[in-house]
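Bear in mind that the values in this text are calculations on the coordinates, not laboratory data. None of the values given here were measured: they were computed from a predicted structure. All Cβ positions, even for glycine, are placed from backbone atoms using ideal geometry, and neighbour counts span all protein chains on display.
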């Protein structure tokens with residue numbers, strides 16, 4: 001089994017804590033949690049910087065710990081959000097070494113992860129009768145999340161560049 005460098009583990013933990021802190025900060029402003037999408041930011045950064053395994057680990061642990069420490073995401077949404085974030089972390093990780101502009105990667109992530117997320121919701125809702133999700137509710141959710149997507153487009157590329165240069169300065173080339 002391949003050994004995981006301590007720096008990578010520490011950086012994953014830092015991103016998980018960052019996601020929890022962002023959740024706590026957004027939680028102060030009631031009603032903004034599903035709009036701002038705070039946990040998506042460290043998940044995408046983990047995937048794009050360190051690959052799919054890091055993206056997935058941050059995607060799974062951040063919402064669970066955020067729920068424990070600050071109550072968000074709500075327990076009934078937790079499975080769906082982990083599923084969506086899993087897609088974000090995994091897809092971002094696989095796009096990591098492709099020669100694609102970060103903004104284009106974000107658009108690809110928004111589309112693919114939402115399709116998978118809503119597909120999962122539809123499956124659970126309609127196939128195994130956990131609840132029902134309509135096209136109208138999907139459109140409503142997407143419209144509500146547009147500010148969060150815009151925020152991610154504004155924040156993630158420069159943050160990614162800054163973090164990457166800082167990590168390269170500390171540890172050398174990031175693979």
Roughly what angle does helix 6-28 make with the longest principal axis of the chain, taking Cα atoms, 0 to 90 degrees, to the nearest 10? 40
Shape call for segment 2-115, from the Cα gyration tensor axes a ≥ b ≥ c (a/c under 1.5 means rounded, otherwise prolate when a/b beats b/c, else oblate), comes out oblate
Under the rule rounded for a/c under 1.5, else prolate if a/b exceeds b/c, else oblate, using alpha carbon gyration tensor axes a ≥ b ≥ c, segment 37-175 is classed as prolate
If I model a spin label at residue 162 and residue 69 as a point 7 Å from the Cα along the Cα→Cβ vector, what separation in nanometres do I get? 2.0
Multiply the residue separation of residue 27 and residue 76 by 0.36 nm, subtract the distance between their alpha-carbon atoms, and state the gained length in nm to one decimal. 16.0 nm
Going 7 Å from the Cα of residue 135 in the Cα-to-Cβ direction, what parts of segment 110-128 have a backbone nitrogen less than 13 Å from that spot? none
When 25, 149 are ranked with the fewest other C-beta atoms within 10 Å first, the list becomes 25, 149
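Can you show me the helix-derived [θ] at 222 nm for the chain, built from DSSP H runs with n ≥ 4 at -39,500 (n - 2.57) apiece and divided by the number of residues, rounded to the nearest 500. Display every interim value, and only then the final one.
On the way: 7 runs with 136 residues, N = 175.
Computed mean residue ellipticity for the chain: -26500 deg cm²/dmol.
By how many nm would the segment from residue 154 to residue 3 grow when fully extended, if each residue of separation counts as 0.36 nm and the alpha-carbon distance is taken off?
Using 0.36 nm per residue and subtracting the Cα-Cα distance, I get 50.9 nm.
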Which order do 156, 44 fall in if you start with the one that has the fewest other Cβ atoms within 10 Å? 156, 44
Which angle between 0 and 90 degrees, to the nearest 10, do you get for helix 75-95 versus the longest principal axis of the chain when only C-alpha atoms count? 40
